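The values are calculated or read from the model by the stated rules, or taken from the named source; none is laboratory data. Being a predicted model, the structure only gives us computed values, none of them experimental. Heads up, the Cβs are rebuilt from the backbone with ideal geometry, glycines too, and the neighbour counts pull from every protein chain shown.
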Amino acid sequence: MHTVTIDIPNESILNKILSMLNSFKSEGIVIREDNSLSPIEVENSIAEAVRQMSLIKEGKLKARPIEELLNEL
């Protein structure tokens, strides 16, 4: 068995590729989507969160109630 990982930045192209690959499922092709973040994306996300926390502490940004955040999930 071989595993191939590809990054596809365009949703339209992704849908075309997935459609083509789905036609091979009967021959044992398994399709798994991995939407995990890269280490750089995780680092950038944490840096942005820290920046926002600093702005909230300085009174330059208004915090949102936790209920509002949880309702988005």
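For region 28-38, state whether one or more residues are assigned to a helix (DSSP H, G or I) and either free of Cβ contacts under 8 Å to residues at least 60 places away in the same chain or touching a helix residue (DSSP H, G or I) at 6+ places or on another chain (Cβ under 6 Å) (or both). No: zero hits.
Given the structure, is Ile66 surrounded by 10 or more Cβ atoms within 10 Å (Cβ to Cβ) and out of contact with any strand residue (DSSP E or B) (no Cβ under 9 Å at 6 or more places or on another chain)? Spell out how you get there, then give the answer.
Numbers: surrounded by 10 or more Cβ atoms within 10 Å (Cβ to Cβ): no; out of contact with any strand residue (DSSP E or B) (no Cβ under 9 Å at 6 or more places or on another chain): yes.
No, not satisfied.
Select, from Leu14, Leu69, Leu18, the only residue that is assigned to a helix (DSSP H, G or I), within 21 Å of the chain's Cα centre (by Cα) and at pLDDT below 85. None of the others qualify; the one that does is Leu69.
Residue count for region 39-63 under the criterion of being loosely packed, with under 10 Cβ neighbours inside 10 Å and either among the charged types (D, E, K, R) or not in a helix (DSSP H, G or I) (or both): the result is 4.
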